[in-house]
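*Asks:* One structure follows; several queries about it will come next.
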Amino acid sequence: MPHSLILVAGYAGSGKTRVGNDIARQLPACYLDKDTLGTPFVERLLVALQQPPGDRDSPIYRAEIRPLEYEALTATGLEAAALGSDVVLSAPFLVQLVNPQWVADLQQQARDSRVKLQVVWVASDHATLRRRMSQRGSVRDHAKLADWEAYVANVDVSLDHQFAVESWRFDNAEQADYSAELTRLLAHLRSR
């Protein structure tokens, strides 16, 4: 049976880290987070490109740095999965999963590596996202929280309906039953 590369996607504050960690603990699987893997080189690149620390929204970040983060993350995940581990990758994947070419390329890389690709969308509502971002106090969230109305105008909580790949929707809003959602997700991942 091939090993899985499981992408855990969602907006800032949706709960990707918690969901990804719980998947990894219970399957078990290797867990790789984009921020953990990329922050050291991202912050140095931001300085070199004369951008503010924590920037994840500027055109320079989006064009020059973000593609490198995702390339490194997915290549590392595919390599680990091809060597015999299920792997969970936690990152927003907002731009990537709606891009048919990016998805097709990743699907081909997974096939070439004999790895099964699975996608989990961690869904949440605007109020829950804002509360979680405020509580965690990350520098990456400062600009979003400072101009919340502008930020949330671009948050499509149903973005998963536009993905170029099948995905599992994990409801992680405050009112959702996290334990029941996780139980259903794990059964789904194990059945594939």
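*Asks:* I need the peptides 95-102, 47-54, 7-14 ranked by packing, meaning the mean over residues of other C-beta atoms within 10 angstrom, with the highest value on top.
*Replies:* For the peptides 95-102, 47-54, 7-14, the packing ranking is 7-14, 95-102, 47-54.
*Asks:* For Ala72 and Ala180 in the same chain, what is the full-extension length gain: residue separation times 0.36 nm, less their Cα-Cα distance, in nm?
*Replies:* Full extension of this stretch gives 35.6 nm more.
*Asks:* Let's see if you can work this out: charge +1 on each Lys and Arg Cβ, -1 on each Asp and Glu Cβ, no other charges. What is the dipole magnitude of the stretch 48-192 about its Cα centre, in debye to the nearest 20?
*Replies:* 300
*Asks:* With r defined as the distance between the Cβ atoms of Asp57 and Arg131 and R0 fixed at 25 Å, what FRET efficiency is calculated, to the nearest 0.05?
*Replies:* Approximately 0.75, to the nearest 0.05.
*Asks:* I've got another one for you. Report, by chain and number, residues whose modeled amide H sits under 5 Å from the one on Leu117, excluding near sequence neighbours (fewer than 5 apart, same chain).
*Replies:* HN-HN under 5 Å from Leu117: Leu5.
*Asks:* Tell me, how many Å apart are the Cα centres for the stretch 19-43 and for the stretch 144-161?
*Replies:* Centre-to-centre distance over Cα atoms comes out at 23 Å.
*Asks:* How far, in nm, would the chain grow between Glu64 and Arg44 when pulled straight, counting 0.36 nm per residue and subtracting the alpha carbon separation?
*Replies:* 5.9 nm
*Asks:* Now for a separate question. Amide H to amide H, which residues 5 or more places from Arg169 or on other chains are under 5 Å from it, using H placed in the peptide plane?
*Replies:* Close amide H contacts, sequence-distant or interchain: Trp121.
*Asks:* Two decimals is fine: what is log10 I(q)/I(0) at q = 0.19, 0.20, 0.29 Å⁻¹ for the stretch 46-91, from a Debye sum with one equal scatterer on every Cα and no solvent?
*Replies:* -0.65, -0.68, -0.99
*Asks:* Taking H placed 1.01 Å from N in the peptide plane, check which residues at least 5 places from Val8 or on another chain put their amide H under 5 Å from its amide H.
*Replies:* Leu89, Ser90, Ala91, Val120
*Asks:* Ordered by residue, what ³J(HN,Hα) values in Hz, to whole numbers, does the stretch 139-156 give under the Karplus form 6.51 cos²θ - 1.76 cosθ + 1.60, where θ = phi - 60° and Gly and Pro are x?
*Replies:* Whole-Hz 3J(HN,Hα) from phi for the stretch 139-156: 4, 5, 9, 3, 5, 4, 5, 5, 10, 4, 4, 5, 5, 5, 4, 9, 9, 9.
*Asks:* Residue-wise, which Karplus ³J(HN,Hα) couplings in Hz belong to the stretch 172-177, taking 6.51 cos²θ - 1.76 cosθ + 1.60, θ = phi - 60°, and x for glycine or proline?
*Replies:* 10, 6, 3, 7, 6, 8
*Asks:* If I compute semi-axes √(5λ) of the Cα gyration tensor in Å from the structure I just sent, which labelled value in (1) 90, 18, 12; (2) 63, 15, 10; (3) 26, 21, 15 lines up?
*Replies:* (3)
*Asks:* Could you order Val88, Val157 by accessible surface area, starting with the largest, using a probe radius of 1.4 Å?
*Replies:* Per-residue accessible area, sorted high to low, gives Val157, Val88.
The values are calculated or read from the model by the stated rules, or taken from the named source; none is laboratory data. Predicted, not measured: the structure shown is a model, and the values here were computed from it. Positions of Cβ are generated from backbone atoms using ideal geometry, with glycine treated the same way; all protein chains shown enter the neighbour counts. The accessibility values were calculated without ligands, DNA or RNA, using every heavy atom of the protein model including side chains. Shrake-Rupley method; radii C 1.70, N 1.55, O 1.52, S 1.80 Å.
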